[in-house]
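Everything below concerns the one structure shown next.
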Amino acid sequence: MAETNLILKICHARRFIVQYHLVTTQRCNLNCIYCGNTVEPSLMPVNNQLSIQALQAFLKHDQDPVIAFYGGEPTMNLGFIFQVMDSIPAKAFMLQTNGTLLRRFPPEYISRFHTILVSIDGKEELTDYYRGKGTYRRILKGMKYARENGFKGDFVARMTVSEQTSIFEEVKHLVELTDPSFDHVHWQLDVMWDDDMNTRWEDFPKWLKKSYNPGISRLIQYWIEHMKQGELMGIVPFLGITHTLLTNQVAPLRCGAGIDFFSITTDGRITVCPIPPSIEFAVVGNIFQNKPSDLPGKVLLEEPCTSCEERRICGGRCLFTNKTKLWGREGFDLVCEATKHLIRELRDNLPVVRTLIDEGSFSLNDFSYPEIPNGVEIIP
């Protein structure tokens, strides 16, 4: 009941803006080691089968829909993207892409995106290790093309952080990139997607203790030092958590899954996020029988998140992992401790941030991100 009340409070506190992840295709032109480019026709049709009329009929009940194109690699079904952008009014269009095919977009379409989230993991060597040789350079060429052809929106580096990642070095590289540059950098931990912690990780607890958590501490100090010099770097988890600490607001599930974020499959089912529609709790409706107003609050967080001492700051991290706990409680708690470490480190540095705001170097609003739902989870 408390979780339902929190969602209802959020819905009534502001004009509710919902992002719909529209799956264009399951196909992808890459074969990343943490994904494997698995196409599963048994889950949903490989390419989007929905008519524009069916989408229009569903979305007409939402005055300000945010539409994000998703895959697979969404740019492998450009015709469908163009149809949607030409036919359906939206508050904003987003694109979540591996970035290698951006040069396929004509200027009149690339210029209309509010946000482009690009899957890139850091330096060239690491990105190519995870995603395939030559990927990094193709991404940068695609970004340059987008900027040169009218894209003036938010470029977000969306990292996957796995065992070969040094979080400090890779984030530092991305925030310091120029020509092209990223406006914001966010990362998602490559955790709790397998049935066992040791399926793809050699030693996750050791990596967390020796690499990730110390790297987060170092990265926060780097962020703070740049703030002292008048530069607020767009490191998304730091911005979002700091804003909540400053305002003392209660954070909802920050990715918005099941609240202001839903995924539409290639056959019209609606899931709480882009997790497989074969998972029992995931499907909350379909575009043929439901309205957008039917969807929020159907799937709620459970323990241990709902009674966690950092829930009001964290928001719950991930609905999928809360429900499935694929690594068991031990693995779940390890990931949770990484989130708590991140929050503690930012809380310890809050006096410095408050002083800089009081001195007029920054405003509270500078830490408020994103302005509308755009696909970043805030909590890695």
Can you pull out the residues in the stretch 338-380 that are exposed (fewer than 14 other Cβ atoms within 10 Å of the Cβ), closer than 28 Å to residue 92 by Cβ and either touching a Pro at 6+ places or on another chain (Cβ under 6 Å) or among the acidic types (Asp, Glu) (or both)?
-> 371
Take the stretch 246-270 and flag every residue that is under 15 Å from the mean Cα position of the chain (by Cα) and at positive phi.
-> 256, 258
Pairs, first within 17 Å of residue 213 (Cα to Cα) in the stretch 325-336, second charged (D, E, K, R), C-beta under 9 Å, six or more apart = 331/196; 331/325; 332/325; 335/317; 336/310; 336/317
Inspect the stretch 164-171 for any residue being among the β-branched types (Val, Ile, Thr), without any contact (Cβ under 8 Å) to a residue 60 or more places away in the chain and closer than 27 Å to residue 203 by Cα and give the result as yes or no.
-> yes
Residue 189 vs. criteria modelled with pLDDT of 95 or more and surrounded by fewer than 18 Cβ atoms within 10 Å (Cβ to Cβ) = no
Just one of 316, 297 is surrounded by 14 or more Cβ atoms within 10 Å (Cβ to Cβ), modelled with pLDDT under 95 and at positive phi; which is it?
-> 297
Hey, among 211, 181, which residue is surrounded by fewer than 21 Cβ atoms within 10 Å (Cβ to Cβ) and either free of Cβ contacts under 8 Å to residues at least 24 places away in the same chain or under 20 Å from the mean Cα position of the chain (by Cα) (or both)?
-> 181
Does the stretch 146-154 include one or more residues that are within 17 Å of residue 70 (Cβ to Cβ), in contact with a Pro (Cβ under 9 Å, 6 or more places away or on another chain) and not polar (S, T, N, Q)?
-> yes
For the stretch 349-368, does any single residue satisfy the condition of being in a loop (DSSP other than H, G, I, E, B), under 27 Å from residue 22 (Cβ atoms) and acidic (Asp, Glu)?
-> no
Kindly check whether there is at least one residue in the stretch 282-291 that is out of contact with any Cys (no Cβ under 8 Å at 6 or more places or on another chain), closer than 26 Å to residue 204 by Cα and touching a residue at least 40 places away in the same chain (Cβ under 8 Å).
-> no
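The values are calculated or read from the model by the stated rules, or taken from the named source; none is laboratory data. These figures come from a predicted structure and were not determined experimentally. Reconstructed Cβ throughout: ideal geometry from the backbone, glycine too, with neighbour counts over all protein chains shown.
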